[in-house]
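Working notes, structure below.
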Amino acid sequence: MIKTERGGRVEIQRERLLWIYERMKLIRSFEDAVAELFAAGRIPGFVHLYAGEEAIGVGIMAHLGDDDYITSTHRGHGHCIAKGVSVREMMAELFGKATGSNKGKGGSMHIADVGKGMLGANGIVGGGGPLAVGAGLTLKTLGKKGVTVCFFGDGAAEQGTMHEAMNLASIWKLPVVFVCENNLFAESTPWTYHASVKNIADRAAAYDMPGVVVPAHDVFAVYEVANEAVQRARRGEGPSLIEARGFRFYGHFQGDPLTYRTPEDEARWRAHDPLTLFRARVLDQEFLAEDALDEVDRQVATMIAEATNFAESSAYPADAALLEDVYVSYP
Amino acid sequence: MKLACDGSVALIVNPQAGKDVRRLVAPAPIVTDIDKIGILRRILAALDALAVSRVWVMPDLGGLAERALAGRRWRFEVRWLAIPGLASADDTQAATRDAVRQGVRVIVALGGDGTQRLVAKEAAGVPMLAISTGTNNAFPVMIDATLAGMAAGWVAKGQVEVARVTRFHPRLEVAIDGQAADSALVDVAATRDLVTGSRAIYDWRMWREAVILTPQIPVVGLGSLALALVGAMADPPPAVHVRFGDGGRQVLAPIAPGMVAAVPIAETSPVFWGETVALQPAAGCLAFDGEREQVVSPRQRVTVHEVAEGARVLDVRRCFQAASAPPG
Amino acid sequence: MTTRQITFREAINDALRQEMRRDPTVIVMGEDVAGGASLEHIEGRQEEAWGGVLGVTKGLVQEFGRARVLDTPISESGYIGAAVGAAATGLRPVAELMFVDFFGVCMDQIYNQGAKLRYMFGGKATVPMVVRTMIGAGFRAAGQHSGSHYSVFTHMPGLKTVVPSTPADAKGLLAAAIRDNDPVIFFEHKLLYDVEGPVPDGEYVIPLGQADVKRVGDDVTVVAIGRMVPLALAAAEDLAKTHGIGVEVVDPRTLSPLDAPTILNSVRKTHRLVVVDEDNPRCSVAADLVALVASEALEYLDEAPKMVTAPHAVVPFSPVLEDLYVPSAERIGHVIRTLMGHEIGV
């Protein structure tokens, strides 16, 4: 929890707040660095950046440990960082290096760390829903206390897999928290066009689970709602759906011409920068001192520089890796 | 009050009402978009049948109103109210301000206590008809939207006399360090939360004190406490000031839909019309009509002042009586 | 090892029971596999539970309970994908896809998730799951319930494919599939369910990737898959009697991994190849085997290899057409006789 009660006094936990800030800042800096490296031609393929949505991943992951699972999306860097995947290995993965989290064989859209409970970013929109149900089924079948959080976007909300997944999680009362990151656009198509309801959370009613809408830029709001949903799942009361409504600062992918939104839209939403709001709030209420936040900024900058150097200086995979890990034992 | 006679109605819908954390912590209903669109369609159908000339609609970001209007030719003119479009409380307030500026004769608003508070803050004496689509609905009325639409239509067309079909709902005005800060229609609570979090208040253990208007009928929310504490009195005070904590009695109260808690009440005192109550200085949140809105520090002085003539609300039953009576 | 004479259906049930007893992380899931949740509430009728649409999983729910024998809604993407997620996190799910034709509604979960996770994650995930699915024409079930389609799955890296032809193989191979740490698609021909054969009692496992020479012969190698194996054997017996032709029948049993050496060795001995496959012929296992032999053992061939397959057509409903669709022992015999120069034209 962010706050504790001692002798009737509510106190804020500084360590927790610092962790939240550090993870949000690390995600932002990572994404900004990736944008630059991508533009400079250092990163092959294509990347989908999470900047602007940091408060969702961090506000939710604050309640999870390594025994809890998450499934992610094509916009997964933020989930990985919040779940504790090494940024060195992530950066090396984006470069396609052998030292990458996936030995350079997955890239941006498939970063995973099963040991950390991170069941993978996913290149298929809506692909993670059934996987999350499966992870929830494992937890329930083996009598473990963990939960699974299934991140999906507003675009995925229209995939049949998500509906099937929510129905299954509901009828089996699985410890799964569905988190719809509604960043207003499925690629370039606005959710006001592609969704039959204007609040994805409404769909929870159809699956007999609670549905909640929360602003994605306010980490304190996300944190509180996530705590209730995660605790509920841990108590065995079943799945729930949180819709976090926010904005991605970058395009659908890097290089997206962004013709579907106006500079005014962008300015309006950028005014809701989760990091700026967090900083203002904790300074205003004197939860944290400015130099403590500045120190986090410096540490994060060092981590990103170090991760980039690590990625740049690492070797590419050997030819033999081409046929490795197709199977546990190649025929 | 003299109103501009434009013969029009404003329609304000909070697309976010009925979707907060109380669905997770209590079995509060999800009020779906489909429910709200249906309510809007029934209101519009009634306004159309009454041949209202113009309807000012709040263009909510989710497009609920657009969808309600689509697919049918309406006899009235549709105009859109100006909003910043941030999908926040600002939209509701800005839309209400614009409606008043445009000279509408009645404002129909869809939402719970939280939404209605925002509308009432800006309604400037224009009669409002609050339809419950929220979580706690101590202020809005449970009524079929068709009836609401007809009542609003008669007011807009001047077929009923506003003074006869409206009444005043009291208001709690909040000042911080002597400066007017905000207002509420149902209750003002001081909590021990250090952040506004997800806004809705549901954890009664965090409540420090509250000023609560005494409701006329049983309600869910803090109002239920007022009713339990003073409802049995022959002449109940219009509001109560409650300090939460041990040492007094426990009151079993429905503080959210499906959430009945034994709330410990340390102290209760009546609050009369025109009275001002000073809250204890402390770090925490101020919640208005069930939503944590503002963080305050122990250095700030918070007072709550009770005003009898707060929001002007439309009484649907009286509208129907007046509409059926011959003019005179 | 003592054996019992049981059906193909009972052999599969045996394997499931054997593995579920052995390993508490094995679960069975699919449409009606327990047999209708409502039966729990009908006094004394638990024994009547369906156990799958053709009764293959009958009785499992009584022994292992509903937590391990899960009826699913008709949500193939949902529950096959859940099997992938469960496999990646510590269970060994055996999911039933009622008819293979339904792969169209869940292929993303099988292929983009199940088959690819391990590779894309750089080996940091294992997906030990089995999808059991019914294949084959002959049930008058028409175009969407009669396909074979194992070629589609064999094409895909990351998946293993198993097509048993006898009750004993069904038991041993399914046990191996469940113990395997990769996703395995296990194809069961519905016309084989009632076929009886000797099946070893007790624990019985056949390693994946080992073909079985079902009949030894010197003149021609017939590689047959699934239900085509008994048809090829029938044709072989007939040809031995009527024409003195020695037909060697090789059953690959698993198509991925493929036991290429056994097939190539047989062809090097007989110098002739006929592949019999109920699947459609284009880009098929049959075509793949002909290509294998052509590229690895062309110099040993006396004649051009032949394929006896279903046509490039949808399985028809009308019994007359369906019978024409499926390769028969007669057609197999005819092709072999032609290949041996006993007849002209096919």
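The values are calculated or read from the model by the stated rules, or taken from the named source; none is laboratory data. It should be emphasised that the depicted structure is a prediction, and the values quoted were computed from it without experimental measurement. As a convention, Cβ positions derive from the backbone with ideal geometry for all residues, glycine included, and neighbour counts pool all protein chains shown. Surface accessibility is based on the protein's heavy atoms, side chains included, excluding ligands, DNA and RNA. Shrake-Rupley method; radii C 1.70, N 1.55, O 1.52, S 1.80 Å.
Structure above, values below:
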quantity: Packing-based order for C:129-142, C:255-268, A:239-252, C:62-75, using average beta carbon neighbours within 10 Å, highest first; calculated: A:239-252, C:129-142, C:255-268, C:62-75
quantity: Share of carbon and sulfur in the accessible heavy-atom surface of the stretch C:101-220 [1.4 Å probe, %]; calculated: 53
quantity: Shielding by partners - mean other protein chain Cβ count within 10 Å, residues of A:212-224; calculated: 6
quantity: Solvent-accessible area per residue for the stretch A:3-314 (1.4 angstrom probe, square angstrom); calculated: 33
quantity: Shielded by partner chains, the stretch C:124-143 residues - at least 10 Å² of accessible area, 1.4 Å probe, vs chain alone; calculated: C:Lys124
quantity: Shielding of C:104-115 by partner chains, average beta-carbon count, 10 Å; calculated: 3
quantity: Orientation-averaged projected area, Cα convex hull of the stretch B:170-309 (nm²); calculated: 7.8
quantity: Under-5 Å amide H pairs with B:Val57, H placed in peptide plane, nonlocal only; calculated: B:Leu11, B:Arg79, B:Trp80, B:Leu81
quantity: Simple label model, 7 Å out from Cα along Cβ direction - C:Glu203 to A:Ala280, nm; calculated: 6.7
quantity: GNM result for chain B, Cα springs below 10 Å: residue of B:Gly125, B:Gly223, B:Gly71 fluctuating most strongly; calculated: B:Gly71
quantity: Rounded Å value of the spacing that divides the Cα centres of the stretch A:273-300 and the stretch A:217-248; calculated: 23
quantity: Calculated FRET efficiency for the pair C:Glu196/C:Ala142, C-beta based, R₀ 25 Å, to 0.05; calculated: 0.35
quantity: Ranked by how many other beta carbons lie within 10 Å on average, peptides A:258-264, B:12-18, C:304-310 from highest; calculated: B:12-18, C:304-310, A:258-264
quantity: log₁₀ of I(q)/I(0) at q = 0.15, 0.17, 0.18, 0.19 Å⁻¹ - the stretch B:125-235, Debye sum with one point per alpha carbon; calculated: -0.85, -1.02, -1.09, -1.16
quantity: Those residues of the stretch B:278-296 whose amide nitrogen sits under 16 Å from the label point placed on B:Ile176, 7 Å along Cα→Cβ; calculated: B:279-289, B:291-296
quantity: Cα-based equivalent ellipsoid of the protein assembly as shown: semi-axis lengths in Å, sorted from largest, via gyration tensor; calculated: 66, 31, 26
quantity: For the pair A and C, total buried accessible area rounded to nearest 100 Å², probe 1.4 Å; calculated: 3300
quantity: Cα-projected label distance for C:His312 with A:Ala206, points at 7 Å along beta-carbon direction, nm; calculated: 4.1
quantity: Helix-derived mean residue ellipticity, 222 nm - over the protein assembly as shown, DSSP H n ≥ 4, -39500 (n - 2.57), to 500; calculated: -10000 deg cm²/dmol
quantity: Distance between the stretch C:53-67 and the stretch C:209-279 - C-alpha centres, whole angstrom; calculated: 36
quantity: Mean projected area in nm² (Cα convex hull; one quarter of hull surface) for the stretch C:212-339; calculated: 7.4
quantity: Distant-in-sequence amide H partners of C:Asp279 (H built 1.01 Å from N, under 5 Å); calculated: C:Ala310
quantity: Residue-by-residue Karplus 3J(HN,Hα) for the stretch B:313-318, coefficients 6.51, -1.76, 1.60, Hz, glycine and proline x; calculated: 10, 7, 9, 5, 4, 5
quantity: Kyte-Doolittle mean at least -1.0, axial Cα span of 18 Å or more - DSSP H helices of chain A; calculated: A:14-39, A:128-141, A:219-234, A:290-313
quantity: Cut-off 11 Å, label 7 Å out along Cα→Cβ of C:Arg282, residues of the stretch C:128-155 by amide N; calculated: none
quantity: Extended-chain gain in nm, criterion 0.36 nm per residue less alpha-carbon gap, A:Ser196 and A:Gln231; calculated: 9.6 nm
quantity: Kirkwood-type radius of the stretch A:1-138, with distances r between different C-alpha atoms, in Å; calculated: 15.7
quantity: Tail beyond 19 Å, pair distance distribution of the stretch C:156-254 (Cα, percent); calculated: 46
quantity: Accessible surface buried once A binds B (1.4 Å probe; total of both sides; Å²); calculated: 2900
quantity: Choice from B:Pro257, B:Pro27, B:Pro218 showing the highest fluctuation, given a GNM over chain B with Cα pairs closer than 10 Å; calculated: B:Pro27
quantity: Mean shadow area of chain C over all directions, Cα convex hull, nm²; calculated: 18.1
quantity: Threshold 40 Å² - residues in the stretch A:156-205 whose accessible area is reduced by that much or more when the chain is no longer isolated, probe 1.4 Å; calculated: A:Glu164, A:Leu168, A:Trp172, A:Lys198, A:Asn199, A:Asp202
quantity: For chain B, the Rg and Dmax computed from alpha carbons only, in angstrom; calculated: 19.7, 63
quantity: For the stretch A:270-331, Kirkwood radius (reciprocal of mean inverse C-alpha pair distance, Å); calculated: 15.8
quantity: Å² per residue, accessible surface of the stretch B:170-309 at 1.4 Å; calculated: 41
quantity: Contour excess over end-to-end distance, with Cα ends at B:Gln321 and B:Arg205 and 0.36 nm allotted per residue; calculated: 37.2 nm
quantity: Chain B: most fluctuating residue of B:Thr133, B:Thr214, B:Thr303 per GNM, C-alpha cutoff 10 Å; calculated: B:Thr303
quantity: Dimensionless Rg ratio for the stretch A:147-201, taking C-alpha atoms and the 2.2 N^0.38 Å reference; calculated: 1.16
quantity: Loop trypsin sites (Lys or Arg not before Pro), the stretch B:1-63 (other Cβ atoms within 10 Å of the site Cβ: 15 or fewer; DSSP); calculated: B:Lys2
quantity: Low-density loop positions, chymotrypsin sites (Phe, Trp or Tyr not before Pro), the stretch B:198-282 - DSSP coil, at most 14 other Cβ in 10 Å; calculated: B:Phe272, B:Trp273
quantity: Inter-label distance, nm, simple model (7 Å from Cα along the C-beta direction), B:Leu252/C:Asn181; calculated: 5.9
quantity: Zone residues, the stretch B:24-46, relative to B:Thr146, backbone N less than 20 Å from point 7 Å out along Cα-to-Cβ; calculated: B:34-46
